[in-house]
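Here it is: the structure, laid out below.
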Amino acid sequence: MRLSVIGCGYLGAVHAAAMASLGHEVIGIDVDPAKIAALADGHAPFFEPGLDELLRTQLDRGALRFSTKIADAVGATVHFVAVGTPQSADGHAADLKFVDAAIEALLPILAPGDLVVGKSTVPVGTAARLAARIDEHGSGASLAWNPEFLREGYAVQDTVAPDRFVYGVQRGDSGIEDGPVDLLDQVYATPLSTGTPRIVTDFATAELVKVAANAFLATKISFINAMAEIAETVGADVTELADAIGHDARIGRRFLNAGVGFGGGCLPKDIRAFAARAEELGRGDSVAFLRQVDEINLRRRQRVVDRALQAFDGSVVGRRITVLGVTFKPESDDVRDSPALDVAVQLKGLGAEVIATDPHGIEPARLRHPQLAYVASTTDALAGAELVVLVTEWREYRDLDPSAAAQLVASPSIIDGRNVLDPVAWRASGWRFWGMGRP
Ligand code: UGA
């Protein structure tokens, strides 16, 4: 099939390359010439394992092209809209200006039988509004909403082999529209043939599925972090608690890792936008708990900073603190709403001499926070540290040898902000060791 993908950020670039790998002919469109030039050259403008290789393979095969001109999307039958929906500058709601602009740009080129497929995360009610806009234009095209559940770091795999597909389509008096479902089934024929579940529903449900999934994941993380707060008060161990409750299949162990909390471009903004939308709908009470989920999450960053202050009896002024990790999670160079970077910035603001390091996040972090000192090598970063703070659990930090690390630092003290190190081994090597919600 001939497909277009409007918006080549994280979601769109991965989607375009992944759809080409499923055998389609794909054109990716973005208004940013630098992004398009990089993609057309086989380089993603962000770090995502396996994506550059996939881009190059599909570009070389001629299955994938990139352009800044929407006119190049003419001839595609299915147009995916994968633009960003950031938090608005003046509140918690999602800013839909990029989605609206993408639809307006598409309208003049749509042909009868074309399908516009929204992939962006939007407030419930958006798809119905956009479908009405497309109908009013009279091109004979229709709309479906097909939310995306990819995780950064696993984006390619999550796109070509997702846990499930959700198709949101127009529900009229005669039931669900068949045309959009058939077209999406053709797009996803390969993963569907392996038995991937697909849920066909209405627009509102599809939009809600996406935000409900992220709200649930955020709640799970804040739940275990709330338990960490209690554990800290009574001297219990939240990691053992998580293992124990996680054995109950109804609860499950995944996403129960207590630590410095969640960040990134999705979970934080999505729970805020969901709460803002619920308020607009007069149902703010229904998701009022999401405000607490957000607050618990932000308190964990403060907890790490407080621990650092405690380590120096109340003041970090002039203290050399090495921060291991600046990205919001490993296998990503994304520093949006990163708890790790936030901790580094707060410590710097309190007067510490902060040395931050990260395998992939230094340049994006430097752009946002040039006031921090960045060092590429872990060994160099550790040299002379009076306190080490592990806040992103990259493999190379998890695998650090405590005896070797002790030789590098000025004073062997560490805060494990992700609960990934073995406290027994670190203490045995002479380290003062603090975890999150652990004795
Ligand atoms: C998240 C969802 O997991 C995806 O399903 C969704 O498609 C995506 O948002 C999106 O809406 O686009 P992502 O932002 O890549 O994906 O990150 P996650 O893997 O969910 O991690 C989010 C944060 O939670 C990270 O900062 C991570 O360190 C933290 N986390 C995760 C914990 O603190 N504890 C855990 O147990 C798990």
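Which of the numbered conditions does Val375 fail, given that it passes all the others? Conditions: (1) buried (at least 17 other Cβ atoms within 10 Å of the Cβ); (2) in contact with a Ser or Thr (Cβ under 7 Å, 6 or more places away or on another chain); (3) among the aliphatic types (A, V, I, L, M).
(1)
Let me ask something additional. Hey, among Val391, Val424, which residue is under 30 Å from Ile230 (Cα atoms), under 26 Å from the mean Cα position of the chain (by Cα), of a type outside the set (Lys, Arg) and at pLDDT 95 or above?
From the options Val391, Val424, the qualifying one is Val391.
Sticking with this one: Return yes or no: is Ala161 open to solvent by 50 Å² or more (accessible area, probe 1.4 Å) and among the aliphatic types (A, V, I, L, M)?
On the way: open to solvent by 50 Å² or more (accessible area, probe 1.4 Å): yes; among the aliphatic types (A, V, I, L, M): yes.
Yes.
Please specify each residue of region 129-155 satisfying the condition of being in contact (Cβ under 8 Å) with a residue 40 or more places away in the chain and within 13 Å of the ligand (Cβ to nearest atom).
Within region 129-155, Asn146, Pro147, Glu148, Phe149, Leu150, Glu152, Gly153, Tyr154, Ala155 qualify.
I've got another one for you. Restrict the check to region 236-246 and report whether at least one residue is away from the ligand (no atom under 14 Å from the Cβ), part of a helix (DSSP H, G or I) and not assigned by TED's automatic domain parsing to the domain that holds Leu54.
yes
Restricted to region 262-285, and to residues that are open to solvent by 20 Å² or more (accessible area, probe 1.4 Å) and part of a loop (DSSP other than H, G, I, E, B), which residue is farthest from the ligand (Cβ to nearest atom)?
Among those residues, the one meeting the criterion is Gly282.
Using beta carbons and a limit of 8 Å, which pairs, at least six apart or on different chains, have the first residue in region 386-403 and open to solvent by less than 20 Å² (accessible area, probe 1.4 Å) and the second one basic (Lys, Arg)?
Leu387/Arg319; Leu387/Arg320; Leu390/Arg418; Val391/Arg418; Thr392/Lys329; Thr392/Arg418
Which of the residues belonging to region 110-123 are of a type in the set (A, V, I, L, M, F, W, C) and open to solvent by less than 30 Å² (accessible area, probe 1.4 Å)?
Once the filter is applied, which keeps residues that are of a type in the set (A, V, I, L, M, F, W, C) and open to solvent by less than 30 Å² (accessible area, probe 1.4 Å), region 110-123 yields Leu110, Leu115, Val116, Val117, Val122.
Quick one: how many residues across region 331-348 are open to solvent by 10 Å² or more (accessible area, probe 1.4 Å) and either acidic (Asp, Glu) or farther than 22 Å from Met436 by Cα (or both)?
6
Continuing with this model, one more query. Kindly provide the set of residues from region 404-414 that are over 25 Å from Ala258 (Cα atoms), of a type outside the set (S, T, N, Q) and open to solvent by 20 Å² or more (accessible area, probe 1.4 Å), ordered by number. Spell out how you get there, then give the answer.
Here is the first cut: in region 404-414, the residues over 25 Å from Ala258 (Cα atoms) are 404, 406-411.
This time we only want the ones that are of a type outside the set (S, T, N, Q), so: 404, 406, 408-410.
Ala404, Ala406, Leu408, Ala410, listed by residue number.
Sticking with this one: β-branched (Val, Ile, Thr), more than 16 Å from the ligand (Cβ to nearest atom), modelled with pLDDT of 95 or more and more than 30 Å from Val124 (Cα to Cα) - does that describe any residue in region 295-314?
yes
Here are some residues: Ala218, Ala206. Which one is within 16 Å of the ligand (Cβ to nearest atom) and closer than 19 Å to Ala82 by Cα? Give the steps one after another, and end with the answer.
On the way: Ala218 fails: closer than 19 Å to Ala82 by Cα.
It is Ala206.
Here's something else I'd like to know. Need the failing condition index for Ala258 against (1) without any contact (Cβ under 8 Å) to a residue 40 or more places away in the chain; (2) under 21 Å from Pro339 (Cβ atoms); (3) within 13 Å of the ligand (Cβ to nearest atom), just the number.
(1)
The values are calculated or read from the model by the stated rules, or taken from the named source; none is laboratory data. Only a predicted model underlies this, so the values are computations on that prediction, with no experimental measurement involved. Positions of Cβ are generated from backbone atoms using ideal geometry, with glycine treated the same way; all protein chains shown enter the neighbour counts. Each accessible area value is taken on the protein alone, full model and side chains, heavy atoms only, with ligands, DNA and RNA left out. Shrake-Rupley method; radii C 1.70, N 1.55, O 1.52, S 1.80 Å.
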